[in-house]
Structure formats: C-alpha cells, structure tokens
Amino acid sequence: RRCLAKIKAAWSHLGTAKPHFSVLTNKQYLPENVVANLYKFWASGETEAAVVERILARQGFTSLSTKICVEYGCGVGRVTMGLAKRFAFVHAYDISPSHLSLAEQRAKECFISNVGYRLCSDNPSDPLEACDVLYSKIVLQHNPPPIIVRLIDNALGALSPGGICVFQV
C-alpha cells in the first residue's frame, strides 16, 4: 500500500506539473514548449489508436463500433480520443486526478461523449469495468513487478469471453 501511495503521489504531481511531458517524455512536450507542439502530441495518439485497430484486425477482431474498451493509464487522453472514435464506449483509467481532468477537458473540446473517466483504485486487484478490449501502453512499467503482475491479472479478468488485451510492459 505504501508503494502504491508513493506511485500515486508521483504521478499526481507530474499530472499537475508536466502533464503532457509525463505522457511522452520529449522536450517538445515540456510546459514551456507544449503549446507549439500540441498538434503533434494529439496526432501521435491518433496514430497509436490506428495501430491498435490494425492489431485487432489482424486477430479477426472487427466491428469495434459495437465494442467496449478499457484504456488503463489514459494520461491526458492522447490515445483515448482515437479509441473513442473507434469503440462504442471507452472506460479511461488513470492514477492522476490532474491527468483525468485534462483528458475530460480534451474530450469536451473534441465533442467526444462516449468516454467514462475513472480514477485508479488504491487496490490494484479491484475490478475494472468489463470490456471487449483492454489497452495499456507506456504505463505498466512504472510499477514494480509484483504490482505489474496484479494489474495484468486484473486486466485479463475484465475481458469478456473472446476479448483481447493489447498491452506493453
């Protein structure tokens, strides 16, 4: 519990101090540079969502517009917006309240209403929303291995029969 509290405190701070840079650690996304580079930031999320769509298609997983997706570690919504264009609904989880607030703001700016934002539980074994697809990239490695195992086990438990989990560690 102490470990999780420390992780949550760190990401909550980053979500306030350097929200975009904490998602993609590139100097162009530091607070003093991000405004001039926001288009690239959001475009990279759309590109990633298209990659996810192609991965799913290769597995014969189509008709995404009828499917539910969980994005674990949504940050400021970089990939969330692209996922929301493809799926019927996206449950977007993050450990940082500031990240979630910025993601919600971005969705409003993009007129996206099929996303539910969820603050990650302090217990990595608490169930996630049921889903057809679970997506998590550049997230899990920020945790120690025992917690990563619990998070992956929890993610797999959220999948509906025949569902697919696309993640990176």
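The values are calculated or read from the model by the stated rules, or taken from the named source; none is laboratory data. Predicted, not measured: the structure shown is a model, and the values here were computed from it. Cβ placement follows ideal geometry from the backbone for every residue including glycine, while neighbour counts extend to all protein chains displayed. Ligands, DNA and RNA are excluded from the accessible area calculation, which covers all protein heavy atoms including side chains. Shrake-Rupley method; radii C 1.70, N 1.55, O 1.52, S 1.80 Å.
Quick notes on this one:
- Qualifying residue in region 84-102 (condition: farther than 23 Å from residue 15 by Cα and polar (S, T, N, Q)): no
- Meets criteria (out of contact with any His (no Cβ under 9 Å at 6 or more places or on another chain), at negative phi and aliphatic (A, V, I, L, M)) for residue 102: no
- Candidate set from region 1-44 (those that are among the aliphatic types (A, V, I, L, M) and open to solvent by 80 Å² or more (accessible area, probe 1.4 Å)); member that is farthest from residue 110 (Cα to Cα): 36
- Selected residue (only one of 145, 161 is within 21 Å of residue 60 (Cβ to Cβ) and without any contact (Cβ under 8 Å) to a residue 12 or more places away in the chain): 161
- Residue ID - farthest from residue 18 (Cα to Cα), chosen from residues in region 62-85 that are open to solvent by 30 Å² or more (accessible area, probe 1.4 Å) and in contact with a strand residue (DSSP E or B) (Cβ under 8 Å, 6 or more places away or on another chain): 67
- Filter result (outside any helix (DSSP H, G or I) and either of a type in the set (Phe, Trp, Tyr) or closer than 15 Å to residue 166 by Cβ (or both)) within region 22-71: 59, 60, 61, 62, 67, 68, 69, 70, 71
- Filter result for residue 66 (modelled with pLDDT under 95, more than 14 Å from the chain's Cα centre (by Cα) and among the hydroxyl-bearing types (Ser, Thr, Tyr)): no
- Whenever a residue of region 106-128 is modelled with pLDDT of 90 or more, its partners that are part of a loop (DSSP other than H, G, I, E, B) and open to solvent by 50 Å² or more (accessible area, probe 1.4 Å), lying with C-beta atoms within less than 8 angstrom and at least six residues away or across chains, give the pairs 107/113; 116/129; 118/129.
- Boolean, residue 48 is open to solvent by 30 Å² or more (accessible area, probe 1.4 Å) and acidic (Asp, Glu): no
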